[in-house]
Amino acid sequence: MTLRAVVVDDEAPARAKLRRYLAECDGVRWVGEAVDGPSAVALIHKERPDVVFLDISMPGMDGFGLLQALGDPLPAEIVFVTAQDDQAVRAFEVHAFDYLLKPVGPERFARAVQRLRATVSPALGIAGRVEGLIDGAPPPAHYLERVLLPAGEGAELVRVERIDRIEADRNYLDVHVDGQSYRLRGTLDAMLGRLHPAHFVRVNRSTIVRLDAIRQIQPWPDGERRLLLVDGARVTWTKRYLANVPEGLGV
């Protein structure tokens, strides 16, 4: 099955680049483009694409406003292609498939398309998946492979298996990677929903831990557990969240 793609961006050079990238990728075909939110809504309803490559910053209606206008469930997979490096968590809160930071290179774009082709069912396509939602079947899970984290004046794209723990601080998250801490805006619940439950677990009200980052699990008062992580941090796994213990962990 060839995936049908729509491009939404108010800048002509950006649309032209994505058209060129799409033409160079196997298994995906450009079927239309739009320069703003209202025209994009009409185009998407008309063409029923499998994927929308979407800019965030557009006049009148930004990318998130477009998703609100499309409704829930979304009628296509969404890949944000944007110059904004501070909206990654919000993008994944609305279940975006991927988040590409401009300027996007052809290799990174090709990897996103390859993941799309592996994830979108060739037998069903997007229409079949929407019908499955109506029938009560759960949507396919798209877990994060990478997280865009602020670093100085730029941003660093970090693979999630490098994350040791994530701690909530009001409306922010402190993401601990290889002994360094990165701060971004978001909620712990939203982030947890985007991380694979076989690899990450919430251990208390404010902390998510990668299971492979746990060095030791020690008994603690009141039936709780004390975790020693590979980065030297000590975290309490509270009784309330011990119900989240993955099968086979033996705590």
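The values are calculated or read from the model by the stated rules, or taken from the named source; none is laboratory data. Small disclaimer: the values here were computed from a predicted structure and weren't measured. FYI the Cβ positions are ideal-geometry reconstructions off the backbone, even for glycines, and counts take in every protein chain you see. Just so you know, the surface numbers come from the protein's heavy atoms only, side chains and all, with ligands and any DNA or RNA stripped out. Shrake-Rupley method; radii C 1.70, N 1.55, O 1.52, S 1.80 Å.
Pull up the stretch 160-212, narrow it to residues that are in a strand (DSSP E or B) and of a type in the set (Lys, Arg), then point me to the one that is farthest from Arg90 (Cα to Cα).
Arg210
Here's the yes/no breakdown for (1) under 23 Å from Leu3 (Cβ atoms); (2) polar (S, T, N, Q); (3) at pLDDT 95 or above; (4) open to solvent by 50 Å² or more (accessible area, probe 1.4 Å):
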position: Pro38; (1), (2), (3), (4): no, no, no, yes
position: Ala42; (1), (2), (3), (4): yes, no, no, yes
position: Glu47; (1), (2), (3), (4): yes, no, no, no
position: Asp72; (1), (2), (3), (4): yes, no, no, yes
position: Ile78; (1), (2), (3), (4): yes, no, no, no
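When residues in the stretch 4-61 are screened for being out of contact with any helix residue (DSSP H, G or I) (no Cβ under 6 Å at 6 or more places or on another chain) and hydroxyl-bearing (Ser, Thr, Tyr), 2 of them pass. Scanning the stretch 88-123 for residues that are open to solvent by less than 40 Å² (accessible area, probe 1.4 Å), within 13 Å of the chain's Cα centre (by Cα) and of a type outside the set (A, V, I, L, M) yields Phe92, Phe97, Asp98, Tyr99.
Here's the yes/no breakdown for (1) closer than 30 Å to Ala151 by Cα; (2) within 26 Å of the chain's Cα centre (by Cα); (3) touching a residue at least 40 places away in the same chain (Cβ under 8 Å):
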{"residue": "Ile208", "(1), (2), (3)": "yes, yes, yes"}
{"residue": "Arg215", "(1), (2), (3)": "yes, no, no"}
{"residue": "Asp222", "(1), (2), (3)": "no, no, no"}
{"residue": "Ala243", "(1), (2), (3)": "no, yes, no"}
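The residues in the stretch 192-211 that are of a type outside the set (Gly, Ala, Ser) and open to solvent by 10 Å² or more (accessible area, probe 1.4 Å) can be counted, and the count is 11.
In the stretch 19-35, the qualifying residues are those that are open to solvent by less than 60 Å² (accessible area, probe 1.4 Å) and either touching a Phe, Trp or Tyr at 6+ places or on another chain (Cβ under 7 Å) or in a helix (DSSP H, G or I) (or both), and the one that is farthest from Glu47 (Cα to Cα) is Tyr21.
Being touching a residue at least 40 places away in the same chain (Cβ under 8 Å) and open to solvent by less than 10 Å² (accessible area, probe 1.4 Å): is that true of Ala14 here? Against the criterion (touching a residue at least 40 places away in the same chain (Cβ under 8 Å) and open to solvent by less than 10 Å² (accessible area, probe 1.4 Å)), Ala14 does not qualify.
In the stretch 59-80, the residues that are of a type in the set (Val, Ile, Thr) form Cβ pairs under 8 Å with partners that are in a loop (DSSP other than H, G, I, E, B), at six or more places apart or across chains, as follows: Ile78/Val94; Ile78/His95; Ile78/Ala96; Ile78/Phe97; Val79/Ala96; Val79/Phe97.
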